[in-house]
Structures are given as C-alpha cells and as structure tokens.
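Structure first, then comments.
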Amino acid sequence: MCDHSPNCPNAEAADHEAAKAVLRDAVNGWALLCNGVVRFDDTGEVLPDGRVVAPHRPGHVLQAASS
C-alpha cells in the first residue's frame, strides 16, 4: 500500500503511527495513513482490520485539558 521511500511501517508494527497521512479531514479531526490506519486528533485509531485503539494521550495533556 505504501510507495514512500523508505516504506512506512505497516499497521501491525509498534510504530504504525509514524506512517504518512495520505488523506486528512481537519474539520472532523482524522487522517488516513498510508498503512490503512485512521488516526483521530484525540490519538484514537481504527486499524484496517476494524480493531479500535483507544485514545492514548500522555497523562499530563489530559490533566491540563481538564483544568
């Protein structure tokens, strides 16, 4: 799926978030990565096989946002 050089990590790789965005919707807050992952601005993700990854922001960001 990826034609970047070097290739982006696949959706199963630990660093899959490092893949480049090929489509972005800033209004709705998501980006489609070249490995098929949909990444949301809140750091949640949907993997190509349909699995959902819950938002995983660092704790200090969540605390600052709730203050």
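The values are calculated or read from the model by the stated rules, or taken from the named source; none is laboratory data. A quick note: this is a predicted structure, and the numbers were derived from the prediction, not measured. Cβ sites come from the backbone with ideal geometry, for glycine too, and all protein chains shown count toward neighbours. With ligands, DNA and RNA removed, areas are computed over all heavy atoms of the protein, side chains included. Shrake-Rupley method; radii C 1.70, N 1.55, O 1.52, S 1.80 Å.
Tabulated results
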item: Count of segment 1-19 residues which are closer than 16 Å to Val53 by Cα, open to solvent by 80 Å² or more (accessible area, probe 1.4 Å) and small (Gly, Ala, Ser); result: 1
item: Pair list, Cβ under 6 Å, 6 or more apart: segment 20-36 residue closer than 17 Å to Asp49 by Cβ, other residue open to solvent by 90 Å² or more (accessible area, probe 1.4 Å) and among the polar types (S, T, N, Q); result: Asn35/Asn10
item: Subset of segment 37-67 that is at pLDDT 60 or above, β-branched (Val, Ile, Thr) and out of contact with any helix residue (DSSP H, G or I) (no Cβ under 9 Å at 6 or more places or on another chain) - its residue that is nearest to Lys20 (Cα to Cα); result: Val38
item: Hits in segment 21-55 (condition: out of contact with any Gly (no Cβ under 8 Å at 6 or more places or on another chain) and open to solvent by 80 Å² or more (accessible area, probe 1.4 Å)); result: Val22, Leu23, Arg24, Ala26, Val27, Asn28, Asp49, Arg51
